[in-house]
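Remarks on the structure that follows.
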Amino acid sequence: MVKKFNIELIPDMTGKVCIVTGSNTGIGKACAMELAQQNAHVIVASRTPARGIAAVKEIQETTGNAKVEFLQLDLASIESVSQFVTEFKAKNLPIHLLMNNAGVMACPYELSKDGIEMQFATNHASNIFVGHFYLTTQLLPIIEASAPSRIVNVSSNGHRFIQCRGLRLEELNDKDKYGSFMAYGRSKAANILFTRELNRRLEAKGVQNVYVNANHPGVVDSELARYSSPIIQKILKTFVLISTRDGSLTQMYLATSPDVEKNNIKGKYYIPYGVEKQPERESTSESNQTLLWDFTENLLKNIIPDYTGAGI
């Protein structure tokens, strides 16, 4: 596969503040490492302090960049997201890049701390689903004020899994209708739908220099497949998986390449390595975009008593 983008093309990031969720391991850590290598101020946002702090130490020692720090963020907990936002705002820093990278794949049925199916809670907005949505919209005023700035939502070709059955948000917490890969597909479709709807709302507001895009990193040798069967993991490692460094390339293209601003790349979906692709039908539906946004807002209103909406 031809690489339209490679590590050597990442520009100098001096003066840029970058938040990377799930960056204590895997692709997220690879992205944080490359951003730090190019002199960015990097926030390693991850759930487990011991692992996050260890990642920060390794990145600092490898790159010689002291402006790498850990902030705890558990995307399965809205309380944790709120705490992260509060702690970040206290630093009075801009945000030039928010990379919503953290996620889980095909895990057994489980509800988050806020009572939401785990893959949807973590991956959407996108993902994450709800955790990344809330994180992004709470930080959006800073992102807008820091423009030109970028938001990169890490999705997957797994968004195709919902093509036959549709989004089916009404089945989200129904254990009897749960299928791990269908739930994964729904959360990854949500990443793309959120990207498109957020971009639409920003443009309607007149915001021209915040670039929101989504990507599929490839099938990467990381901890994401830890819930897959041993046979599936062996097949992936033998025939399919690419390195975390190669897996980071497409999201690093969207995060750093001058092409994004030069060519006004917004609301798009990219695959390895830096190639635009049209998502499947269910992930490009404007009605699904609106449905998902409203559904997520209502979930947050049920979780947060004084929640007044995303503000856009």
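The values are calculated or read from the model by the stated rules, or taken from the named source; none is laboratory data. Nothing here was measured: the structure is a model prediction, and the numbers come from that model. Reconstructed Cβ throughout: ideal geometry from the backbone, glycine too, with neighbour counts over all protein chains shown.
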Filtering the range 242-268 for residues that are of a type in the set (Val, Ile, Thr), at pLDDT 95 or above and out of contact with any Ser or Thr (no Cβ under 9 Å at 6 or more places or on another chain) leaves a count of 3
Only listed residue being modelled with pLDDT of 95 or more and either surrounded by 21 or more Cβ atoms within 10 Å (Cβ to Cβ) or over 17 Å from residue 22 (Cα atoms) (or both), chosen from 82, 112, 126, 146: 146
Considering the range 280-304 alone, what residues qualify as being in a loop (DSSP other than H, G, I, E, B) and either under 18 Å from residue 202 (Cα atoms) or at pLDDT 90 or above (or both)? 284, 285, 304
Among (1) under 18 Å from the mean Cα position of the chain (by Cα); (2) modelled with pLDDT of 75 or more, there is one condition residue 224 misses while meeting the rest; what is its number? (2)
Being within 24 Å of residue 301 (Cα to Cα), modelled with pLDDT of 95 or more, outside any loop (DSSP other than H, G, I, E, B) and of a type in the set (Asp, Glu) narrows it down to one of 34, 61, 87, so name that one. 87
